[in-house]
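Asks: Structure provided below as structure tokens; questions to follow.
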Amino acid sequence: MRAHFGSPRTSQRVTPISGRTAVAANHSKGVPSSATNGDVEKHVPKTQACPPDDPHSGEFVEAIRDCQDPQKMMFLRWGNRPEEVVSEIERCAQIFVPPTPGSKSFQELSLPTGLEPCGAPAKLCSEIISAISEYVKVQPDELLICAAAVLASWFPDCAEVAPYLWITGPLGSGKTKLLKLLWCLCRRGLLVGDVRAGSLYQIVDAWNPTLLVDELDFSNSTARAELLRLLRSGSVPGTPTIRNGKRYSIYGLKAFSSRQSPDDAALASRGLIISMSPTACETPALDNFAMRALERKFQSRMCRLRLRYHAAVKKQHALPMDLEGLSPRMKQIARALAAPLLGDRELTAKLIAALRDQDEQASIERSLEPEWLVVTDLMTDCHEGLERGRPISEIFVGGIASSINQRLKFQGEDIRLSAKKVGLTLKSLGLRTESLGRTGRGLRLTSALKLKIHQIAARLGIDRRTIAPMTALETGYGGVPCALCKKFKLTGGLRFIALKAPMPRRRPASDRRELLKVVDNPRQQRGAPKKEE
Ligand SMILES: [Zn+2]
């Protein structure tokens, strides 16, 4: 079925421009520029930007190319009324217009020229995988992540986060080519080579594109600072960034290519790694002509996909999923990427397995973040001495730093945390230190504080497996039970057994001597296990 934008000319292939002329002229809100009242032009300033969607009234807007003149941009209005193409939209006493054909910003965006039949999301996902693998060689699980990210880029407003893709690999591994492919496939792809460009914030804010940054140089401190700003406010909706006194919304899916993944674990954990390596396989060139052909082939179908499945994807996102064991951040990413697959069992299962692999890798990176190091240490302190019935009651900030640094040294890591850094990290986690007499500042491990530490651990994805010694991981026995670990589901699949208090028993002197030789494990002296958790 071809797109029909309210035009009476149903017998011919209906394209956006025919609908625009037919509908917009009769619609009070959608006034084409040629028919715009001069008074309106005089009194209401025009803004070159895509009007924001209005979910309350059910009115949504897509930016598209004018199919009769691809150098011009138009707006496709949809949702609570038949789809129509207009050249202006008035909203909140503001008139939104597309940029002029001479505008650089519009020419950089990948856009649909109309609406074409899209097919089921799972089928489209397979087609995206085929299109990408024709040009670049990517591991199958990472290829599926790329395809899911392409689909998700068309539904950013249905998710609670917009995932990032980190495309890494040496020179000649096809990173730029993959970014170009994403440009052809993603919603409003915007490929840039310089993240420092001042106008970038304006373009991103105006058009909500899928930002694709090529060859990001992490060693460049200016680029790094810009990237941090982009990332901090760009992955969660409703958190604008302030730059030069102005608010910019830069929420949306993004992809970055660089030689290596970011050394900052916090940045890396916001996204998924697509690692590429040079290949001897011959692949077709992806020049401008081929890119435009792919844009034409996919964009109009993807646009139809958004219109047709928007409500279903939003509903799917809210459905419970089996994401047990994933970190909280990866759970959000998994929901955002899986929702557009609309419950396709095979694809969803493969995607979650691929994300689980990524999460395990990310947890190794995360383990060197100050917050993670500090909370891991506090979780150890919460459970220290429980078996002997003598839990720790106070810990000093300096003691935490010293314990963390010993562990880092043992692991062969070259980073260290000062007591001051530990203090700042505790503060950032909402854990207030207090004076513990003349010996220094620290924490009193009260029941309330232990509860808070367990809460934070659950948020950071730290469980009893994280703090368990190697013997516990081998035997599956984690120690005595902790009600808080059980409450926050932090047992990590280990067994916890309550132990009986040792009963003093009188034995013959010869027997006692024998016992001291044999029993080197104090747990054996404390009697048999009583109860399994
Ligand atoms: Zn616990």
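Each value in this text was obtained by applying a stated rule to the coordinates, not by laboratory testing. Just so it is clear, the model here is predicted, and its values are computed rather than measured. Ideal geometry is used to build each Cβ from the backbone, glycine not excepted, and the neighbour counts take in all protein chains shown.
Asks: So for the range 257-361, averaging the separation of alpha carbon pairs under 8 Å that are six or more residues apart and normalising by length, what relative contact order in percent results?
Replies: The normalised contact order for the range 257-361 reaches 25 percent.
Asks: Kindly provide the trypsin sites (Lys or Arg not before Pro) of the range 226-276 that DSSP labels as loop, not H, G, I, E or B, and whose Cβ sees at most 15 other Cβ atoms within 10 Å.
Replies: Those that pass, being in a loop and sparsely packed, are Arg259.
Asks: So what is the relative contact order for the range 121-363, in percent, with contacts set as C-alpha pairs under 8 Å and at least six apart?
Replies: The normalised contact order for the range 121-363 reaches 30 percent.
Asks: Please tell me the relative contact order of the range 46-166 in percent, rounded to the nearest whole number, where contacts are Cα pairs under 8 Å and at least six residues apart.
Replies: Relative CO of the range 46-166 lands at 19 percent.
Asks: Would you mind pulling out the separation of the Cα centroids of the range 248-315 and the range 447-468, in Å?
Replies: Spelled out, the Cα-based centre of one part sits 35 Å from the other.
Asks: Something else now. Ordered by packing density, taken as the mean number of other Cβ atoms within 10 Å over each peptide's residues, highest first, how do 406-412, 189-195 rank?
Replies: The packing order, highest mean first, is 189-195, 406-412.
Asks: Between the range 140-208 and the range 332-367, what's the alpha-carbon centroid distance in Å?
Replies: Here the two parts' Cα centres lie 18 Å apart.
Asks: Right, here's the next one. Given the pairs Lys175/Lys246; Lys246/Lys315; Lys254/Lys315; Lys314/Lys452; Lys254/Lys489; Lys314/Lys489, which span a C-alpha to C-alpha distance of over 31 angstrom in this model?
Replies: Lys175/Lys246; Lys246/Lys315; Lys314/Lys452; Lys254/Lys489
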